[in-house]
Amino acid sequence: MKLLLHTCCGPCSIYPVQVLRDEGMEVMGYFYRHNIHPYTECLRRQATLQAYADDCGFKVIVQEGYDVKGFLRDIVFREADRCRICYHRRLTATALVAKKGKFDCFSSTLLYSKFQNHAAIVEIGKAVAAATGVAFHYHDFREGWKIGVTESKRLGMYRQQYCGCIYSEKERYFK
């Protein structure tokens, strides 16, 4: 099966790519950029992901542009629901690229992070699948959290300190 994997960064891709390949999937990545702030952080994450992808033969489609204004317009005054909105934006974009590229299914490295709302990601993934006609492949990748962290450190990968948006950056650093 051909799967398009939403990839938020290099370190979070390590374990899911390994598992999906072990399951016999033909995996390609999709890097969504609009939510990552500031732009220099976006470029750093993209470069780390691309270096990892090049090293392990993992092809990645990089979203064009950088519509941080559109992202913020969708979030402003709905900050309490920002993660759900962001999950929906990222999974929808991934599913639409998967549909256009004739992938059998899509998934996300968001399912790897112990810091994300796992139940919301699954719920939204299923809803996006129903809306787009592209199957959502579910796997709880959190089981490999320590494996991915250890490997990313061994590889000397850049490891970001917050999810991506300006709100998560503030939560991480403003105390």
| task | Go through segment 9-56 and count every residue that is in contact with a helix residue (DSSP H, G or I) (Cβ under 8 Å, 6 or more places away or on another chain) and of a type in the set (Lys, Arg). | result | 1
| note | Taking segment 100-123 and keeping residues over 14 Å from residue 7 (Cα atoms), touching a strand residue (DSSP E or B) at 6+ places or on another chain (Cβ under 9 Å) and not in a loop (DSSP other than H, G, I, E, B) leaves 105, 122
| How many residues are touching a Cys at 6+ places or on another chain (Cβ under 6 Å), within 14 Å of residue 109 (Cβ to Cβ) and not in a helix (DSSP H, G or I) if we restrict to segment 10-64? | 2
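For (1) at pLDDT below 95; (2) among the polar types (S, T, N, Q); (3) touching a Gly at 6+ places or on another chain (Cβ under 8 Å); (4) closer than 26 Å to residue 54 by Cβ, each residue gets a yes or a no:
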| residue | (1), (2), (3), (4) |
| --- | --- |
| 74 | no, no, no, no |
| 89 | no, no, no, no |
| 95 | no, no, no, yes |
| 100 | no, no, no, yes |
| 110 | no, no, no, yes |
| 134 | no, no, no, no |
| 161 | yes, yes, no, yes |
| Residue satisfying condition, being over 13 Å from residue 106 (Cα atoms), outside any loop (DSSP other than H, G, I, E, B) and at pLDDT below 95, within set 143, 171 | 171
| said: Return the pair list, or none, for Cβ contacts closer than 9 Å from residues in segment 95-109 that are closer than 19 Å to residue 138 by Cβ to residues that are among the charged types (D, E, K, R) and part of a loop (DSSP other than H, G, I, E, B), at least 6 apart or on different chains. | reply: 98/104
| Based on what the data block shows, is residue 70 small (Gly, Ala, Ser), buried (at least 16 other Cβ atoms within 10 Å of the Cβ) and over 20 Å from residue 137 (Cβ atoms)? | no
| query | Considering only residues of segment 159-171 that are farther than 14 Å from residue 113 by Cβ and without any contact (Cβ under 8 Å) to a residue 12 or more places away in the chain, which is surrounded by the most Cβ atoms within 10 Å (Cβ to Cβ)? | reply | 171
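The values are calculated or read from the model by the stated rules, or taken from the named source; none is laboratory data. None of the values given here were measured: they were computed from a predicted structure. Neighbour counts run over all protein chains shown; Cβ positions are idealised from the backbone, glycine included.
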